[in-house]
Structure formats: C-alpha cells, structure tokens
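One structure below.
The values are calculated or read from the model by the stated rules, or taken from the named source; none is laboratory data. Just so it is clear, the model here is predicted, and its values are computed rather than measured. With ideal geometry, Cβ positions are generated from the backbone for all residues, glycine too; neighbour counts draw on all protein chains shown. For accessibility, only protein heavy atoms count, side chains too; no ligands or nucleic acids. Shrake-Rupley method; radii C 1.70, N 1.55, O 1.52, S 1.80 Å.
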Amino acid sequence: MKTLIILIAFVALALILKACTQTDRLAKDSTRPSNDKKPTSMKENDKLIVISNVNQEDAKKALTTFCNIYNKDSFVALPRLVTLSSDSFAVIFPYDTDFATFCFAVNFLKYPIDIKWQSQVIAWVTTKEGDDWITDKSKNRKVMLFLADDDKEYDNVFMTTEDNIGYKLGFAAGEEKQLLQIPKKPYLVPSIKAKSLDGLPFVDIK
C-alpha cells in the first residue's frame, strides 16, 4: 500500500513538472502566423485592463510572453499597452479578443512567467450572451475582473457585475462560473475608458 501511494505521488509530480515545462516552452517560443493573417480592421469594444506598480519593460515582457502562448496558430489577442504614468498602464484590445482570452490576460498580468512583481490588476468589460462562463445573471452587464488578495489557486479571476453579483471564474473544468454569496470586491466604475486613451503613448504587442 505504501509503495502504491509513493508511486501515485511520483506520477502526479511528474505530470505537474511536465505541464510546467510545456508552459515554459510555449512562453519562450515566439512563433507567429504570417502577417497576412493579422487582422487589419479594428473592432470597437470596451475591454480595458489597468495595471499599476509595474514598469514599462516588464509590462511589455509580460504581454509578449502572453502572446507567445496564445498567438502561435492565429492572432487571438493583439494587446495595446498605453502609458498612463511611469508605473501605471492600460491594456486595450483594438482588434478585440474573446472574453475567455481577456480573462486569461487579466490573470497572466497578475501572475506572469519569469517576472517577479507585485502588480495591481483590475479590468472592465461589457459581457454579452455567448461569452464563455457568462450566465443569465451576468450577460449584457458591465463587469469588473480582478484577482482576490486571498486567492491561493492562481488559475482563476473574480468578477463583480455592475449590480454587485459576484462570481469566481475558474479555469479548470467544472470551476468556470461559481456564484458567490458576496462579491470579493464591490463593483467600481473605471476612472478611464478604452475610448479615452487616444493621444497617449502606446506600444502594440503581437
């Protein structure tokens, strides 16, 4: 029995290490589709991520690594990094991206690979019917996305709707849309909007 337990533990550890190695390899691989597959028409949307307590080089590195993972076969996300101040930036998506990828970006900017920072990350978007993880109570709502201070799982985001209904959106199967009795944070109206950033310095990441 003891031998079986040790064997199971060893297999579990091997699977975890394999997954970490694969993720690390993906993050460092800068393969992209050909440029003729890159979208040329911007799509109006209100997706907005605000990150603070970071510097521009680390923010660019984090977004580039994110694109290394998600843009291998097609341009799933083409973020624009807009400078708000020396340690505060907005991330918008001029060509849009799907809701799930947007959530992954929020999580990644809190927990990037190979960057040690204490970033503050908060995001806003208007949901729509058909978005992954969205229910009847949260569709067609302005929502705020963030990571909770007491979160120890690192593979989710928390969401609060404009009428203060809270969800935990887990990335693991079966954990995608957990309704909370009390939202982790009350909804806050963003102090800026994606449309209001014209004229500020920016860098496009692909």
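Numbers for the structure displayed
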quantity	calculated
Condition met for residue 65 (of a type in the set (Val, Ile, Thr) and farther than 19 Å from residue 200 by Cα)	yes
Residues located in segment 38-67, provided they are more than 14 Å from the chain's Cα centre (by Cα) and closer than 27 Å to residue 117 by Cα	46, 52, 53, 54, 55, 56, 57, 58, 60, 61
Scan of segment 109-128 for residues that are assigned to a helix (DSSP H, G or I) and open to solvent by 20 Å² or more (accessible area, probe 1.4 Å), ordered by number	110
Checking residue 86 against (1) among the small types (Gly, Ala, Ser); (2) open to solvent by less than 10 Å² (accessible area, probe 1.4 Å); (3) under 25 Å from residue 198 (Cβ atoms), the condition it does not meet	(2)
Criterion: in contact with a helix residue (DSSP H, G or I) (Cβ under 7 Å, 6 or more places away or on another chain) and either closer than 17 Å to residue 171 by Cβ or touching a residue at least 24 places away in the same chain (Cβ under 8 Å) (or both) - qualifying residue of 69, 122	69
